Amino acid sequence: MIKKQAQEGFTLVEVLAGLAIIAILLVAALPLFTSNLRQTVQDKQREQALRLAQERLEYYIHQDVRENEQQSGRITIDGTDFNWSLQVKRPASSSPANLKLLNLTVTVTYLERGSNASRDLSLSVLKTE
């Protein structure tokens, strides 16, 4: 008498059902991945804008700047154009202590990838004359 050996493994129907479930899960998760990628790119742009503003402020803190002075420029980093501007003004308060202070404000403007919205980032610091 010949004994039948039990066959192990998955049937074709089981394999196809498993692949269908995996495909459905991947399609459902795809928007999460693309949203996360877009957010990562936007965070990187914001970090680059912040670094540029900090560098410009650091540079002008050590320069001889005057009240009402304005400077501006443009720099491209990783394909994004960043426009920066510097404004030098006296602080709003007119106390005697503020008469020797200057408020330096650097504003960086750029187009956010993914939304094409214009974004501004400003940093300010007080400097003695």
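When only residues in the range 86-102 that are of a type outside the set (D, E, K, R) and either part of a strand (DSSP E or B) or on the phi > 0 side of the Ramachandran plot (or both) count, which is modelled with the lowest pLDDT?
Step one: of the range 86-102, the residues of a type outside the set (D, E, K, R) are 86-88, 91-99, 101-102.
This time we only want the ones that are either part of a strand (DSSP E or B) or on the phi > 0 side of the Ramachandran plot (or both), so: 86-88, 101-102.
On the way: LEU86: 98, GLN87: 97, VAL88: 95, LEU101: 89, LEU102: 92.
Taking the candidates together, the pick is LEU101.
Filter the range 35-85 down to the residues that are assigned to a helix (DSSP H, G or I) and farther than 15 Å from ARG119 by Cβ and list them by number.
If we filter the range 35-85 for residues that are assigned to a helix (DSSP H, G or I), which is where we start, we get 35-61.
Selection gives SER35, ASN36, LEU37, THR40, GLN54, GLU55, ARG56, LEU57, GLU58, TYR59, TYR60, ILE61.
Please go through (1) touching a Phe, Trp or Tyr at 6+ places or on another chain (Cβ under 9 Å); (2) surrounded by 11 or more Cβ atoms within 10 Å (Cβ to Cβ) for SER85 and return the number of the only condition it doesn't satisfy.
If we test SER85 against (1) touching a Phe, Trp or Tyr at 6+ places or on another chain (Cβ under 9 Å); (2) surrounded by 11 or more Cβ atoms within 10 Å (Cβ to Cβ), just (1) comes out false.
Residues that are over 28 Å from GLU129 (Cβ atoms), free of Cβ contacts under 8 Å to residues at least 12 places away in the same chain and either among the β-branched types (Val, Ile, Thr) or in contact with a Ser or Thr (Cβ under 6 Å, 6 or more places away or on another chain) (or both): does the range 104-118 have at least one?
Within the range 104-118 (the criterion being over 28 Å from GLU129 (Cβ atoms), free of Cβ contacts under 8 Å to residues at least 12 places away in the same chain and either among the β-branched types (Val, Ile, Thr) or in contact with a Ser or Thr (Cβ under 6 Å, 6 or more places away or on another chain) (or both)), the answer is no, since none of the residues qualifies.
State which residue is surrounded by the fewest Cβ atoms within 10 Å (Cβ to Cβ) when the search covers only the range 46-65 and only residues that are of a type in the set (S, T, N, Q) and modelled with pLDDT of 95 or more. Quick ask: steps written out before the conclusion?
Residues of the range 46-65 of a type in the set (S, T, N, Q): 48, 54, 63.
From what is left, the residues that are modelled with pLDDT of 95 or more are 48, 54.
On the way: GLN48: 18, GLN54: 14.
Across the range 46-65, the extreme among qualifying residues is GLN54.
Per-residue answers, yes or no, for (1) aliphatic (A, V, I, L, M); (2) surrounded by 14 or more Cβ atoms within 10 Å (Cβ to Cβ):
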site: GLU14; (1), (2): no, no
site: THR40; (1), (2): no, no
site: GLU67; (1), (2): no, no
site: PRO91; (1), (2): no, yes
site: LEU99; (1), (2): yes, no
site: THR105; (1), (2): no, yes
site: LEU126; (1), (2): yes, no
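I'd like the full set of residues that are touching a Lys or Arg at 6+ places or on another chain (Cβ under 7 Å) and among the aliphatic types (A, V, I, L, M), limited to the range 50-88.
Selection gives ILE61, LEU86, VAL88.
Looking at (1) in contact with a helix residue (DSSP H, G or I) (Cβ under 6 Å, 6 or more places away or on another chain); (2) of a type outside the set (Ser, Thr, Tyr); (3) loosely packed, with under 13 Cβ neighbours inside 10 Å, which is the one condition that is false for ILE77?
That leaves (3) as the condition not met.
The values are calculated or read from the model by the stated rules, or taken from the named source; none is laboratory data. Owing to the predicted nature of the structure, the values given are computational and were not obtained by experimental measurement. Using ideal geometry, Cβ is built from the backbone for each residue, glycine included, and neighbour counts are taken over all protein chains shown.
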